[in-house]
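Nothing in this text is a laboratory measurement; each read-out follows from the coordinates by a stated rule. The model shown is predicted, which means the values in this text are computed figures rather than measured ones. Cβ: placed from backbone, ideal geometry, glycine included. Neighbour counts: every protein chain shown.
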Amino acid sequence: MATYKKRGYKPKTKAEKVEAIEDNSTTAEVFNTLDESASKTEEWAVKNQKYIFVIVGLAAAIVLGYLGYNKFIAEPKADEAMNEMFTAQKYFDEAVTGTAKDSLYTLALNGGEGKFGMLDIIEEYSGTPAANLASYYAGMAYLNTKDYTNAVKHLGNFSSNDEMLAPIAKGGIGDAFVQLNQPEDALEYYEKALAVSKNEFTTPMYLFKAANIALKLGDGAKALNYFKRIKNEFSSSSEANNIDVFIGKAEAGM
């Protein structure tokens, strides 16, 4: 068994000399093993350097290609799409505030003055933020022109975390399902509208719509809960006007 020895200690007995030789021999073996491993690793690297360079090159190409795609293709395409959508958005805004609503919504959908409509943006610039936003505009245009099936389709394709647009899109699908006489689906989407955002405008509106659909479906308890939320949480909203009357209806329906 090896024993601890101070630095500079010289073996005196024969047994100690043998032990010292064994210790030196073991240390040498360890370094020899490390040298052999390093040599083998170096040989492998030299032998396979062609493949290593290929792998590193491919990885670099993928990274650079992704950055290049975003910089030189995706970003310019997204900017171009937003520019192309300008006229269609103008038609939509005029439809909301103007009088010739149906014709303006149709122009917003199909385009005019040689410019793209929302449907063109969706098709030509798929995957861009503009195409996503165009799905919202198209869905709302279809909802306002009473094409409820297409309203559901396009609003369903729209995705957003925006505090206002997200619940309005879900609520718009709910409105379309009401017109399609699918109250269960309408209630589901009104509740989705409530889940994605809480604010002073959309929340009391969809609480009120959800409560009335729940009442129609015979779920007085759910209707009562939604009506009471309007009274307690949104007392200054227009939906809170005469809310006690609706609370009474819900209580009677339980």
Derived scalar couplings ³J(HN,Hα) [segment 219-227; Karplus, 6.51 cos²θ - 1.76 cosθ + 1.60; whole Hz; x for Gly, Pro]: 9, x, 5, 5, 4, 4, 4, 5, 4
Two-site label geometry, ASN83 and GLU251: point separation in nm, points 7 Å out along Cα→Cβ: 6.3 nm
Calculated FRET efficiency for the pair ALA195/GLU123, C-beta based, R₀ 25 Å, to 0.05: 0.20
Segment 85-141 and segment 225-248: distance between their alpha carbon centers, rounded to Å: 36 Å
Local net charge near GLY117, Cβ-Cβ under 12 Å (Lys/Arg +1, Asp/Glu -1): -3
As computed over segment 90-182, the Cα convex hull volume per residue (Å³): 91 Å³
Given LYS115/LYS170; LYS101/LYS170; LYS90/LYS192; LYS115/LYS146, the pairs whose alpha carbons are separated by over 27 Å: LYS115/LYS170; LYS90/LYS192
Environment charge of TYR189, counting only residues whose C-beta is closer than 9 Å and scoring Lys/Arg +1, Asp/Glu -1: -2
Label-reachable residues, segment 142-157, where backbone N falls under 20 Å from a point 7 Å from ASP102's Cα toward its Cβ: 142-152
Computed over segment 144-251, the ratio Rg/Rh where both radii use C-alpha atoms and Rh is Kirkwood: 0.98
Residues ALA221 and ASP162, FRET efficiency given R0 of 25 Å [Cβ-Cβ distance, rounded to 0.05]: 0.20
Rough spin-label spacing in nm, given labels placed 7 Å along Cα→Cβ, for LYS90 and GLU113: 0.2 nm
